[in-house]
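Inspection log for the structure reproduced underneath, given as structure tokens.
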Amino acid sequence: MRAYTHPACLQHDPGPGHAERSERLRVVLQALERALPDLDWHQAPRASRGQLLRVHTESLLQTVLDTRPQQRIDLDADTRLGPGSAEAALRAAGAGIAAVDAVLHGHVQRAFCAVRPPGHHATAASAMGFCLFNNVAVAAAHALDAHGLERVVIADFDVHHGNGTQAIFANDPRVRYVSTHQWPLYPDTGARNETGCGNIANVPLPPGTTGAAFLAAWQETLLPFLDAFRPQLVLISAGFDGHRLDPLAQWALEAEDYARLTRALVAVADRHAGGRVVSLLEGGYHLQALAESCVAHVQALVF
Ligand SMILES: [Zn+2]
């Protein structure tokens, strides 16, 4: 089991009072080091422009990488670009690339990317919702294009819908994207009738959703949809903002619920994909809940 991170991911600063702050990653790193001292840590490389261009437009690359602002600038109402943002975004996307390489070269079965900024709201052409590049989409495209995989799944359990990931792969039958998310909630996508080319399954769930209802949605709807695809690689958009303490949403999950779902996703990978799972950190905005949930998730990936 490998873990990828980079100190540059701490240098993306969206500004005072912003929920997506560097302390998030700091508490995750501290908690993982304490709970799992044998994790095999690697420094994330930078994603190349060519790797990013598999899913993003040249104009988004220019905005994120070439602006190099001296002070923070707003890309949308809650997404900001500062002096450290370009390097953080390159390392966050590069972590997923390196993790995919590691599992597909057989160096390791599973890998976790402890990175920020998160990615799943970023579309082909736009940064949005705290996200600059879509890290999990870049990782999936790398598995398809560089390694020749034909069936990759992305399981997104962040409390928000991964609108960017869905849009990027909506017409690509080589990828199945599945998500549970609170409804209604930002970004107001992910209705059940959004099915792409038959490769997307969404289960919106109301505020107050408990672990039992969350896990039932996966067991009854999403995991069978993934199993039927016989994926060669399982990618996870691992957001922990469905925790009952999270300030940005109103679900009632506990850390152990993330462990239960993770074990079920590992079982999918064991059945079809030689156990290969790459998980990338997305949201989670209550520091203690984020750290505990993330440890529960990574422990479930290890065992
Ligand atoms: Zn989220």
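FYI, it's all coordinate maths here, none of it is from the lab. Every value quoted in this text rests on a predicted model; they were computed, and no experiment measured them. Every residue, glycine among them, receives a Cβ derived from its backbone with ideal geometry; neighbour counts consider all protein chains shown.
Any idea how many residues of region 23-49 are surrounded by fewer than 18 Cβ atoms within 10 Å (Cβ to Cβ) and in contact with a His (Cβ under 7 Å, 6 or more places away or on another chain)?
Residues flagged as surrounded by fewer than 18 Cβ atoms within 10 Å (Cβ to Cβ) and in contact with a His (Cβ under 7 Å, 6 or more places away or on another chain) within region 23-49 amount to 1.
Take the residues in region 232-271 that are within 21 Å of GLN30 (Cα to Cα) and among the acidic types (Asp, Glu); name whichever of them is surrounded by the fewest Cβ atoms within 10 Å (Cβ to Cβ).
GLU256
Please determine, by comparing only the residues of region 272-299 that are aliphatic (A, V, I, L, M), assigned to a helix (DSSP H, G or I) and surrounded by 18 or more Cβ atoms within 10 Å (Cβ to Cβ), which one is nearest to the ligand (Cβ to nearest atom).
Among those residues, the one meeting the criterion is LEU290.
Quick check on this structure: which one of LEU81, LEU61 is without any contact (Cβ under 8 Å) to a residue 24 or more places away in the chain and hydrophobic (A, V, I, L, M, F, W, C)?
From the options LEU81, LEU61, the qualifying one is LEU61.
Out of the residues in region 212-271 that are of a type in the set (Ser, Thr, Tyr) and part of a helix (DSSP H, G or I), which is farthest from VAL138 (Cα to Cα)?
Top of the filtered list is THR221.
Return only the number of the condition from (1) of a type in the set (Phe, Trp, Tyr); (2) over 16 Å from ARG21 (Cα atoms); (3) in contact with a strand residue (DSSP E or B) (Cβ under 7 Å, 6 or more places away or on another chain) that PHE130 does not satisfy.
Just one mismatch for PHE130, condition (2).
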